[in-house]
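Down below is the structure, laid out as structure tokens.
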Amino acid sequence: MTEKCILRSNAIGTAKKIIVKAGTRLLIDRESIAKIVSGIAKLRNAGHQVLLVSSGAVGMGMELAKVPRRPAELAQKQALAALGQTRLMSIYSEECAKHGFSAAQLLLTAADLRNRSRYLNVMNCINALWEKDILPIANENDSVSIAELKFGDNDTLAGMLTSVADADLTILLTTVDGLRDRDQEGNLAERISCVKKVNDQIRSLAGGTDDSNLSIGGMDSKLRAAELATAAGATLWIADGRDPEVFDRILAGEDIGTIFLPRNHRVPGRKRWLGFFSKISGALIIDNGAAKALISGGKSLLPSGIIAVKGVFRRGDTVEIINLEQKTIARGLVNFDAKDCLLLCGKHSYEVVDIMGKESETEAVHRDNLVLLEE
């Protein structure tokens, strides 16, 4: 067995919880949906808990309403989503019943994951459905979503739900056979079997895969999902969903598609929420000494290391922590309002106590409430 196959066999063999995402262009009719459900049944029969992220509501609505192109108007897209979602879930329910299990619908907006209590409610709901051996089927709630409440696409939603569900493996089924390298002329070349880290070089390979007539997203969104999933400690696998044997080949650990390897360790659940979902209210710019203390020393952020403050935020809000190279290196829950942070910039701990009082914290962001984005 080659190293590429060993990596895949380990990924599928050790995965207890799996997120499967199927794109709109794979869900064109009942037969294609039946194939997806049949594949999921194989994963379930192999002992895996599965959550399906399903696109297709707008596409199904377009078919029912005989609309040839995806509309640009928000209200029109919302109407098509409302029309198509009912039909889509009806088909899923019927197809799942053929394999002896039930399906449940989860319609989500970004606001459901930005709020900590709602995030936990989603997590608990998924776990409760799994305990009852029910297949959760998640989709963005396109019928009510507006720009500021949207995930952007279901690839991103799949990456986020990897974290919410504490999944071990995310499978993105698409209409390409994986991420491809590019030749000197910029044309697509050989398939890349394994990616150890999503960096600028890997990001430069994305593009040219979007078909806005029917769906949104492309390889860019899949790389974003890979960053989210691997940061949560999971493997992400892009595979060609048009292959009728794709689930069999995944279960066999064959060298198909592209896999993205997880980071060295899994980020704890609360810090995953902080790093990936919480709403950003402002930023703290820090010096090199403070950056080193956070990254290498595992320390809290002290006011003495802050050189600038951006935004208007309150105590307990989430702020980005940015180094002198303008790179966001961490996020955390801040202990002071923005105006107090401005007052405390560069101040040592004893000065913080003198200014804020004896009951005040001396850390701007405590280590327990901070997550490094490159951990």
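The values are calculated or read from the model by the stated rules, or taken from the named source; none is laboratory data. In this text the structure is predicted, and so the values were computed from the model without any measurement. Here the Cβ positions follow ideal geometry from the backbone for every residue, glycine too, while neighbour counts run over all protein chains shown.
Sub-8 Å Cβ pairs linking a first residue in segment 55-68 that is in contact (Cβ under 8 Å) with a residue 40 or more places away in the chain and of a type in the set (V, I, T) to a second residue that is assigned to a helix (DSSP H, G or I) and crowded, with 16+ Cβ neighbours inside 10 Å, at least 6 apart or interchain, are V58/T24; V58/K77; V58/L80; V58/A81; V58/G84, ordered by first then second residue. Residues of segment 316-332 that are in a loop (DSSP other than H, G, I, E, B) and under 24 Å from V267 (Cβ atoms): G316, D317, N323, E325, Q326, K327.
Taking segment 278-304 on its own, how many of its residues are without any contact (Cβ under 8 Å) to a residue 24 or more places away in the chain and surrounded by 13 or more Cβ atoms within 10 Å (Cβ to Cβ)? Lay out the reasoning, then the answer.
As a first pass, look at segment 278-304 and keep what is without any contact (Cβ under 8 Å) to a residue 24 or more places away in the chain: 289-290, 292-293, 296-297.
Still in the list and also surrounded by 13 or more Cβ atoms within 10 Å (Cβ to Cβ): 290, 292-293.
Residues that pass the stated criteria total 3.
Looking only at segment 149-177, count how many residues are surrounded by 23 or more Cβ atoms within 10 Å (Cβ to Cβ) and at pLDDT 90 or above. Selection size over segment 149-177: 18. Do we have V53 as in contact with a helix residue (DSSP H, G or I) (Cβ under 7 Å, 6 or more places away or on another chain), in the same structural domain as D155 (by TED's automatic domain parsing) and at pLDDT 95 or above here? Considered against the rule, which asks whether it is in contact with a helix residue (DSSP H, G or I) (Cβ under 7 Å, 6 or more places away or on another chain), in the same structural domain as D155 (by TED's automatic domain parsing) and at pLDDT 95 or above, V53 comes out as yes.
Going residue by residue through segment 360-367, is there one that turns out to be farther than 14 Å from I285 by Cα and hydroxyl-bearing (S, T, Y)?
Within segment 360-367, one or more residues are farther than 14 Å from I285 by Cα and hydroxyl-bearing (S, T, Y).
Any residue in segment 349-360 that is β-branched (V, I, T) and either assigned by TED's automatic domain parsing to the domain that holds V198 or at pLDDT 95 or above (or both)? There is no residue in segment 349-360 that is β-branched (V, I, T) and either assigned by TED's automatic domain parsing to the domain that holds V198 or at pLDDT 95 or above (or both).
Being farther than 16 Å from R87 by Cβ, in the same structural domain as Q85 (by TED's automatic domain parsing) and not hydrophobic (A, V, I, L, M, F, W, C) is the requirement here; does G23 meet it? Let's see the steps before the verdict.
Details: farther than 16 Å from R87 by Cβ: yes; in the same structural domain as Q85 (by TED's automatic domain parsing): yes; not hydrophobic (A, V, I, L, M, F, W, C): yes.
Yes.
Return the residue satisfying two criteria in turn: it lies in segment 40-85 and is within 15 Å of I19 (Cα to Cα) and more than 22 Å from the chain's Cα centre (by Cα), and of such residues it is surrounded by the fewest Cβ atoms within 10 Å (Cβ to Cβ).
Of segment 40-85, the ones within 15 Å of I19 (Cα to Cα) are 40-44, 46-55.
Adding the requirement that they be more than 22 Å from the chain's Cα centre (by Cα) leaves 41-42, 44, 46-47.
Working: A41: 19, K42: 15, R44: 18, A46: 14, G47: 8.
Filtering first and then ranking leaves G47.
Pairs meeting the criteria (first residue in segment 162-187 and closer than 26 Å to F276 by Cβ and not assigned by TED's automatic domain parsing to the domain that holds G233, second residue small (G, A, S) and exposed (fewer than 15 other Cβ atoms within 10 Å of the Cβ), beta carbons under 7 Å, at least 6 apart or on different chains) are lacking.
Among the residues of segment 22-35 satisfying the criterion of being assigned to a helix (DSSP H, G or I) and under 21 Å from the mean Cα position of the chain (by Cα), which is surrounded by the fewest Cβ atoms within 10 Å (Cβ to Cβ)? Spell out how you get there, then give the answer.
Quick first cut of segment 22-35, residues assigned to a helix (DSSP H, G or I) only: 24-26, 30-35.
So of that shortlist, the ones also under 21 Å from the mean Cα position of the chain (by Cα) come out as 24-26.
Values: T24: 23, R25: 17, L26: 22.
So, considering only residues that are assigned to a helix (DSSP H, G or I) and under 21 Å from the mean Cα position of the chain (by Cα), the one surrounded by the fewest Cβ atoms within 10 Å (Cβ to Cβ) is R25.
For segment 266-273, check the following and say yes or no: at least one residue is outside any helix (DSSP H, G or I), buried (at least 19 other Cβ atoms within 10 Å of the Cβ) and among the aliphatic types (A, V, I, L, M). Within segment 266-273, one or more residues are outside any helix (DSSP H, G or I), buried (at least 19 other Cβ atoms within 10 Å of the Cβ) and among the aliphatic types (A, V, I, L, M).
If you go through segment 1-21 and keep only what is crowded, with 21+ Cβ neighbours inside 10 Å and of a type in the set (K, R), you end up with R8, K21. In this entry, A128 is excluded by the filter for residues that are modelled with pLDDT of 90 or more, among the aliphatic types (A, V, I, L, M), in contact with a helix residue (DSSP H, G or I) (Cβ under 8 Å, 6 or more places away or on another chain) and in the same structural domain as K16 (by TED's automatic domain parsing).
Every condition in (1) part of a loop (DSSP other than H, G, I, E, B); (2) at pLDDT 90 or above holds for S145 except the one numbered (2).
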